[in-house]
Amino acid sequence: MKVNLFASVENVNEESLKGSSVVVIDVLRATSVITTAIHNGCREIQPVLKVEEALSLKNQEVLLGGERKGLKLEGFDLSNSPLEYTMERVNGKTIVFTTTNGTRAILKSKYADRILIGSMLNAKYLAQKLVEFGDDVSILCAGTAGKFSMDDFICAGKIIYEMSKMTDLDKDDFSSLAYLSYVNYKDNIFEYLSHAKHYNYLLSIGLNEDIEYCFTEDIIDAIPCFINGRIVKL
Ligand code: MLT
């Protein structure tokens, strides 16, 4: 199985994703939110690029969720904190969701054969499924404002590490580097994260609990899958 890793949405040509399974990662925090919401029974999530678009879809049947600059948006029901997406709040609901980088990365993956949503929360289970499918895998880190983000990279490393325990992988060099980063820091992830810009920004706005939750490994066995414009449970 080939594994290719892309540093951010700016580093991928969407046509090149044809024929592979894509895993989208925005570990802080969009794909951790999506993983949590789907695990807690959310019926579907519709990712949209713009705040205005989300607001235009508002009605009694849907919840609006997301952020700009990490903060809840006016007129929205939910922020981008995974801790808000509890079973009580999201079970059976449709959520229209917009975030700065994460939803952009998901929509950019549209040409892939299969689009799965990854996070630390579901990494091991996701790795198992990827190995079962046996397709070549492209991992797309959302990054931050088009730039490489260390937090997404270490999460990619974790998924590659879990896959490599189950099968031989033909990794590109960037995937090997992510794998090595995870192996080196897996017992000390917060030391690694202390060098990451987006992590430090989220800390500065008081989101410590979100970060701690987003870096809890392997507590969810649900895989969100983006299909026909909606994210549903695989
Ligand atoms: C994003 O999509 O840019 C992030 O999830 C931002 C955030 O942490 O709120």
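Checked against the criterion of being more than 16 Å from the ligand (Cβ to nearest atom) and under 18 Å from Thr35 (Cβ atoms), the candidates Gly75, Gly102, Gly66, Gly92 yield just one match: Gly92. Just checking, does the stretch 61-79 include any residue being assigned to a loop (DSSP other than H, G, I, E, B), under 15 Å from Pro224 (Cβ atoms) and in contact with a Gly (Cβ under 8 Å, 6 or more places away or on another chain)? No; the residues of the stretch 61-79 include none that is assigned to a loop (DSSP other than H, G, I, E, B), under 15 Å from Pro224 (Cβ atoms) and in contact with a Gly (Cβ under 8 Å, 6 or more places away or on another chain).
Here Glu191, Glu209, Glu162 are screened, and the one residue that is outside any loop (DSSP other than H, G, I, E, B), loosely packed, with under 14 Cβ neighbours inside 10 Å and more than 16 Å from the ligand (Cβ to nearest atom) is Glu191. Is it the case that some residue within the stretch 144-159 is assigned to a helix (DSSP H, G or I), over 15 Å from the mean Cα position of the chain (by Cα) and hydrophobic (A, V, I, L, M, F, W, C)? No: the stretch 144-159 contains no residue that is assigned to a helix (DSSP H, G or I), over 15 Å from the mean Cα position of the chain (by Cα) and hydrophobic (A, V, I, L, M, F, W, C). Are any of the residues in the stretch 84-101 farther than 21 Å from Glu217 by Cβ, at pLDDT below 95 and charged (D, E, K, R)? Checked against the condition, which is being farther than 21 Å from Glu217 by Cβ, at pLDDT below 95 and charged (D, E, K, R), the stretch 84-101 yields no hits at all.
Filtering the stretch 52-75 to residues that are more than 16 Å from the chain's Cα centre (by Cα) and closer than 24 Å to Gly146 by Cβ leaves Glu52, Glu53, Ala54, Arg68, Lys69, Leu71, Lys72, Leu73.
Within the stretch 82-107, the set of residues being in contact with a Leu (Cβ under 7 Å, 6 or more places away or on another chain) and touching a residue at least 60 places away in the same chain (Cβ under 8 Å) comprises Thr103, Arg104, Ala105, Leu107. What are the residues in the stretch 1-47 that are outside any strand (DSSP E or B), among the small types (Gly, Ala, Ser) and away from the ligand (no atom under 16 Å from the Cβ), if any? Residues satisfying the conditions are Ser16, Gly19, Ser20, Gly41.
The values are calculated or read from the model by the stated rules, or taken from the named source; none is laboratory data. Bear in mind the structure is a predicted one, so any value in this text is a computation, not a measurement. Positions of Cβ are generated from backbone atoms using ideal geometry, with glycine treated the same way; all protein chains shown enter the neighbour counts.
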